[in-house]
Amino acid sequence: MTGVVRRVLVTGAAGRLGRATLELLAGRGVPATALDLHDPGDLPADRVVTGRADDQAAVREALDAVDAVVHLAAIPAPSLGTPDEVFSGNTRATFVVLEEAGQAGVRRAAVASSYSVLGLPWASRRLHPAYLPVDEALPLQVEDPYGLSKQVDEATAAAMARRHAMTIVAIRFPLLGRPDDRLPKVAARYADDPGSGAAELWSYLDTRDAARANWAALTAPITGYHAVFVAAPTTLSAHPTEDLLDRFHPGVERRSPLPGRAVPIDLAAAERMLGFTAEHVYSDEHVYSDEPSVESP
C-alpha cells in the first residue's frame, strides 16, 4: 500500500537534483530535512544538517523524525576525484545512509543510481550494449570507478531492502538539466558532433522530472527493491534515432522499433511500477513541448 510521507531526508541537498527535489516537496507541503556538506542558506527545507553522507553521526542527526529518504549525495563523475575517492566515497555514503535509515525505522527510500551503471559513458573505448533499447536486464560492462560505485550502490540497496524490510528504488538517471542551464549546450554539441552522445544514447531528463521520479519512488504502491531507468521519451539529438544507431552502434540487436527521435531506453518499468513518465520534453527548437513527440518505447 502507498504510505503517507511525513518528512523526507534529502542527501546531497544543495546539488542540482537535491534542490529540485526539495522544491517539489515544499510544493507538496511535505517537510524536508536537507543534508549537505555546506548550507548555502537558501535551501527550501525547514531543517538543514551540515555534514557528510558517509558520517554516521551526521546521518543519524539528519534522520530525526524522518520516514523516507532520497539519497543523492555522491561524487558524480570519475574525473572529480581519485578512483578510490569516487568509488569508496560513493559506496560508503550509500551504505551508511541506508543502514542508519533502516536502524531508525525508515522503510522507504529512493537512491540515485545512474545510466552510467551500464559502463558505456566512462569507458576507455567505445562500448556497445548487447541489445537496444536498453532495459534493466541488460548485461553491465562497468570498468570505471563511478559506474562501479553505482553497481555496488544498487547491490547495497537490494541488500538493505532485505535486511530492514525496506522498499527501495534505485533510479538510473541519465544526463539531467533544464532549458536554462545545460541542455541547450549538450543539444548543440550533439548537433555538431553526434558521436559525442553515443555512449549516453543521447538520453536526458529534465531535472524537474527527475524530482518527480524521486517522489514516485517514495509513494508508489510497491514493496521490496527495484532498479529502473528513467529518461525523456525523446533524445537530445535532432537526428532520427535509427540513423544514429546505424552509424554509432552498428550491428546491435534491436528488439523494438525506435521511430523518430525515440530514446533507445525501455522506460516501461518506471511507468509500470512508479507510474512515472516525463512531462518535459526538449524539442528541436530548444524549447519544451507539453507532450512527448513520440511514444516511449
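The values are calculated or read from the model by the stated rules, or taken from the named source; none is laboratory data. From a predicted model like this one, the values you see are computed outputs, not experimental measurements. Cβ coordinates were reconstructed from backbone atoms using ideal geometry, including for glycine residues, and neighbour counts include every protein chain displayed.
Out of all the residues in the range 157-170, which are out of contact with any Ser or Thr (no Cβ under 6 Å at 6 or more places or on another chain) and either under 27 Å from Gln141 (Cα atoms) or not in a loop (DSSP other than H, G, I, E, B) (or both)?
Answer for the range 157-170, where residues must be out of contact with any Ser or Thr (no Cβ under 6 Å at 6 or more places or on another chain) and either under 27 Å from Gln141 (Cα atoms) or not in a loop (DSSP other than H, G, I, E, B) (or both): Ala157, Ala158, Ala159, Met160, Ala161, Arg162, Arg163, His164, Ile168, Val169.
Among the residues in the range 178-193, are any small (Gly, Ala, Ser) and in contact (Cβ under 8 Å) with a residue 60 or more places away in the chain?
Taking every residue of the range 178-193 in turn, at least one turns out to be small (Gly, Ala, Ser) and in contact (Cβ under 8 Å) with a residue 60 or more places away in the chain.
Considering (1) surrounded by fewer than 22 Cβ atoms within 10 Å (Cβ to Cβ); (2) part of a loop (DSSP other than H, G, I, E, B); (3) in contact (Cβ under 8 Å) with a residue 12 or more places away in the chain, say which one Glu23 fails and leave the rest.
Exception for Glu23: condition (2).
Hey, can you tell me all the residues within the range 171-194 that are β-branched (Val, Ile, Thr) and assigned to a helix (DSSP H, G or I)?
Val186
Return a yes/no flag: does the range 81-94 have any residue that is buried (at least 19 other Cβ atoms within 10 Å of the Cβ), in contact with a helix residue (DSSP H, G or I) (Cβ under 6 Å, 6 or more places away or on another chain) and not polar (S, T, N, Q).
yes
Run down Leu127, Leu120 and say which single residue is modelled with pLDDT of 95 or more, crowded, with 22+ Cβ neighbours inside 10 Å and outside any helix (DSSP H, G or I).
Leu120
If the requirement is being buried (at least 19 other Cβ atoms within 10 Å of the Cβ) and more than 30 Å from Gly251 (Cβ to Cβ), which of these qualifies: Ala110, Ala158?
Ala110
Considering Glu23, Glu85, which residue is of a type in the set (Asp, Glu) and within 21 Å of Val152 (Cβ to Cβ)?
Every option except Glu85 fails the conditions.
Say we look at the range 224-280 and pick out the residues that are within 19 Å of Pro194 (Cα to Cα) and of a type in the set (Val, Ile, Thr); which of these is surrounded by the fewest Cβ atoms within 10 Å (Cβ to Cβ)?
Only one residue tops the list, namely Val252.
Every residue in the range 29-57 that is within 22 Å of the chain's Cα centre (by Cα) and in a strand (DSSP E or B), please.
If the condition is that a residue be within 22 Å of the chain's Cα centre (by Cα) and in a strand (DSSP E or B), then Ala32, Thr33, Ala34, Leu35, Asp36 are the ones that fit.
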